[in-house]
Amino acid sequence: MQTDFLKVEALSKVYPVSRGKTPVPVFENIHFSIAKGEFVCIVGHSGCGKSTILNVLAGLDSPSAGTVIMDGREVSGPSLDRGVVFQGHALMPWLTVMKNIEFAVKSRWPDWSREKIQQHSQQFIDLVGLTGSEHKKPSELSGGMKQRVGIARAFSIQPKMLLLDEPFGALDALTRGVIQDELLKICAATQQTVFMITHDVDEAILLSDKIILMTNGPRARIAEIVVNTLPRNRTRNDIHKDAQYYRIRNHLVDFLVSRSRELALTSDADYDPRNPPEVRPGEMDEDADATPRPLKQAAIHLVN
Ligand SMILES: Nc1ncnc2c1ncn2[C@@H]1O[C@H](COP(=O)(O)OP(=O)(O)OP(=O)(O)O)[C@@H](O)[C@H]1O
């Protein structure tokens, strides 16, 4: 993997406040990098700034300090090099599935013939399992189908980086699972680099190579980066059979239930924001002989 395909350095964000109030950074001094083909999830409680970070990576928002370098160039505005999928799918309601995707493809390759645009778009409609629904409008689709159109559209422009802001948050568990499997397949086939926000620890373990854990805001920071040590060919059906899955899961849940808040209130002299601790749950000394503990009953969707 090419190291540092995306490099985030010293990122901070302060939103303006009304007169008389002191502005406080939502997050500060965020450093991390993503290698080409890597799938990275960011996890943290509501308000720690995950969407703001994603919007800065997308070029839709600007940081108060710091830089984002993607493929050797500074991100300074939106670009078709980055495909974004939001929870609300953001489709154009007056256009059919095919036209929604064709619109994006035409913007990316304005010189392509009508036929080539249609063929290319059809390929991505087929990839997400929407063959037969090409001529339906978003109002005629289920939530899961709309989300698939959003994913097909983002993939169809073959972005260098895919940015996903809780794309499956509004879906029922069954649909969510099916689309997660599809996303895994597409990413494996295309070596896609992905940055994704999720509140779902199981989703993070299934999909990602690395999980960035944020302390609670304001002044949120990266507490640690968890390396997913499960084999990459994991599947939704098999993942829970691996004892290592429970070690990683317990580590993430422990973090969200208690450590995210404790760390936000304490300062550690050894903490270097340029080099946040990288941890491998289950491979550390204290967890070395850990046997799977019962799953903690922490809510999957955690909010403050
Ligand atoms: N445009 C804005 N102006 C002022 N404050 C904002 C703006 N956008 C976000 N914020 C504040 O910044 C903080 C971080 O918001 P952000 O949406 O990035 O957090 P998040 O971690 O993605 O939360 P959630 O998990 O609930 O989506 C919040 O306190 C929010 O109120």
Backbone HN-Hα couplings from phi across region 47-56 [Karplus 6.51/-1.76/1.60, Hz, Gly and Pro as x]:
x, 7, x, 4, 5, 5, 4, 4, 5, 5
In whole Å, how far is the Cα centre of region 151-166 from that of region 190-249?
19
Roughly how many nanometres apart are two label points built 7 Å out from the Cα toward the Cβ at residue 22 and residue 137?
5.3
Nearest-0.05 FRET efficiency for residue 178 and residue 240, computed from C-beta distance (R0 25 Å):
0.90
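Could you give me D for the chain, from Stokes-Einstein at 20 °C and 1.002 mPa s, where the hydrodynamic radius is the Kirkwood radius over C-alpha pairs? Units µm² s⁻¹, please. Display every interim value, and only then the final one.
On the way: Rh = 20.3 Å.
Calculated translational D: 106 µm²/s.
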To the nearest 10 degrees, how steep is helix 173-190 against the longest Cα principal axis of the chain, on a 0 to 90 scale?
80
So the carbon and sulfur contribution to the accessible area of the chain, 1.4 Å probe, in percent, is 50
0 to 90° range, to nearest 10: angle between helix 114-127 axis and the chain longest Cα axis
50
Suppose R0 equals 41 Å. What FRET efficiency, 1/(1 + (r/R0)^6) with r the Cβ-Cβ distance, do residue 219 and residue 126 give to the nearest 0.05?
0.30
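Provide the per residue accessible area, probe 1.4 Å, for region 77-133, rounded to a whole number of square angstrom.
Working: 3110 Å² over 57 residues.
It amounts to 55 Å² per residue over region 77-133.
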Given the whole protein assembly as supplied and a 1.4 Å probe, what does the accessible area of residue 245 come to in Å², nearest 10?
20
State which entries of 36/241; 106/137; 106/160; 36/185 exceed 23 angstrom in Cα-Cα distance in the structure shown.
36/241
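Between the DSSP loop rule and a limit of at most 16 other Cβ atoms within 10 Å, which chymotrypsin sites (Phe, Trp or Tyr not before Pro) in region 1-101 are left? Before the final figure, lay out the partial values.
Values: sites: 5, 27, 32, 39, 86, 94; in loops: 5, 94.
Within region 1-101, the qualifying chymotrypsin sites (Phe, Trp or Tyr not before Pro) (loop, at most 16 other Cβ atoms within 10 Å) are 94.
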Where in region 42-64 does the amide nitrogen come within less than 17 Å of the point 7 Å from the Cα of residue 14, taken along Cα to Cβ?
62-64
Between residue 278 and residue 233, take the C-beta separation as r, use R0 = 25 Å, and let me know the FRET efficiency to the nearest 0.05.
0.65
Sequence-distant or interchain residues sharing an amide H contact under 5 Å with residue 87, placed H: which?
165
For region 74-202, shape from the Cα gyration tensor axes a ≥ b ≥ c, cut at a/c of 1.5 then a/b versus b/c, turns out oblate
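Given the Cα atoms of region 1-140, and with Rh set as the inverse mean 1/r over their pairs in the Kirkwood sense, what is Rg to Rh to two decimals? Please report the intermediate quantities before stating the final value.
On the way: Rg = 18.8 Å, Rh = 17.8 Å.
Radius of gyration over Kirkwood radius for region 1-140 works out to 1.06.
Using Stokes-Einstein with the Kirkwood hydrodynamic radius over Cα pairs, what translational diffusion coefficient do you get for region 1-75 at 25 °C and a viscosity of 0.890 mPa s, in µm²/s rounded to a whole number? Don't skip to the end; give the middle numbers.
Working: Rh = 13.2 Å.
The calculation lands on 185 µm²/s.
The values are calculated or read from the model by the stated rules, or taken from the named source; none is laboratory data. Source: prediction; values computed, not measured. Cβ sites come from the backbone with ideal geometry, for glycine too, and all protein chains shown count toward neighbours. SASA here: full protein model, heavy atoms, side chains in, ligands and nucleic acids out. Shrake-Rupley method; radii C 1.70, N 1.55, O 1.52, S 1.80 Å.
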